[in-house]
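The values are calculated or read from the model by the stated rules, or taken from the named source; none is laboratory data. Everything quoted here is computed from the prediction, not taken from an experiment. Note that we place each Cβ from the backbone using ideal geometry, even for glycine, and neighbour counts take in every protein chain shown. Heavy atoms of the whole protein, side chains included, go into the accessibility calculation; ligands, DNA and RNA do not. Shrake-Rupley method; radii C 1.70, N 1.55, O 1.52, S 1.80 Å.
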Amino acid sequence: MTSPEPTGHLLPTAKGTALTLHRTVLGSRAEVWAALTEPELTSRWVGPWRGEAGPGHTVEVQMSFEEGAPWSPLLIEACEPPDRLAVSINDDAGGWPVELLLSEGDGGRTKVELLHHLPADVGQAGLGEIGPGWEFYLDMFVAARHGSPRPSFESYYPAQKAYFDTLADRGNQG
């Protein structure tokens, strides 16, 4: 089985760099927003969450497709339905500032852009592990939205590690 083609790239931001990835999925922004934010729907592709949601609130999320994943705090930094969700996931690996942006596409489709912010003081360390993970979870999201078979993480990691390591190397030279 061949590995999916990696799609991520680095984007300079005011606070450092962001790893950005895109997918286009079936459904209106409102439908896609629900799939990204409602716990019974998030459990189909990333995992469930629990708690009182809202900007400034912390909920707990369990990335259930990772072996033995604990419940981790997730701070909701911004929630602007159906356009933008900014969160920070905190787990054993540290803080993960992530932003999801939705825009209307053609033919009943919505574009989802994921930005994983990499602060300047952190740089692109670990990008070879982070990138394949986000590619996997976005493809899990697409599969859940389209009713297609779930991808296998082994198709992403370590197969895509070299691609993301190369991105990090180029990013660290600039």
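At-a-glance table
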{"quantity": "The lone exception for G131 - which of (1) modelled with pLDDT of 95 or more; (2) open to solvent by 50 Å² or more (accessible area, probe 1.4 Å); (3) under 27 Å from L26 (Cα atoms) it fails", "calculated": "(2)"}
{"quantity": "Which listed residue, of D92, D139, is open to solvent by 30 Å² or more (accessible area, probe 1.4 Å) and over 16 Å from L21 (Cα atoms)", "calculated": "D92"}
{"quantity": "Filter result (among the aromatic types (F, W, Y) and outside any helix (DSSP H, G or I)) within the stretch 129-174", "calculated": "Y156, Y157"}
{"quantity": "Long-range neighbours under 6 Å by Cβ, at least six apart or interchain, first residue surrounded by fewer than 16 Cβ atoms within 10 Å (Cβ to Cβ) within the stretch 56-77, second among the polar types (S, T, N, Q)", "calculated": "A69/Q62; P73/T58; P73/N90"}
{"quantity": "Test: residue in the stretch 24-36 that is part of a strand (DSSP E or B), under 17 Å from L114 (Cβ atoms) and in contact (Cβ under 8 Å) with a residue 60 or more places away in the chain", "calculated": "yes"}
{"quantity": "Residue in the stretch 6-46 that is surrounded by the fewest Cβ atoms within 10 Å (Cβ to Cβ), counting only those that are acidic (D, E) and at pLDDT 95 or above", "calculated": "E38"}
{"quantity": "The stretch 80-89 - residue that is open to solvent by less than 50 Å² (accessible area, probe 1.4 Å) and over 15 Å from L118 (Cβ atoms) and, of those, farthest from the chain's Cα centre (by Cα)", "calculated": "P82"}
{"quantity": "Criterion (open to solvent by 40 Å² or more (accessible area, probe 1.4 Å), of a type outside the set (S, T, N, Q) and touching a strand residue (DSSP E or B) at 6+ places or on another chain (Cβ under 6 Å)) met by exactly one of P119, P158, P149", "calculated": "P119"}
{"quantity": "Members of the stretch 67-92 that are out of contact with any Ser or Thr (no Cβ under 9 Å at 6 or more places or on another chain), acidic (D, E) and over 17 Å from A34 (Cα atoms)", "calculated": "E67"}
{"quantity": "Filtered residues of the stretch 71-102 (kept if modelled with pLDDT of 95 or more, part of a loop (DSSP other than H, G, I, E, B) and either under 18 Å from L11 (Cβ atoms) or among the acidic types (D, E) (or both))", "calculated": "D83"}
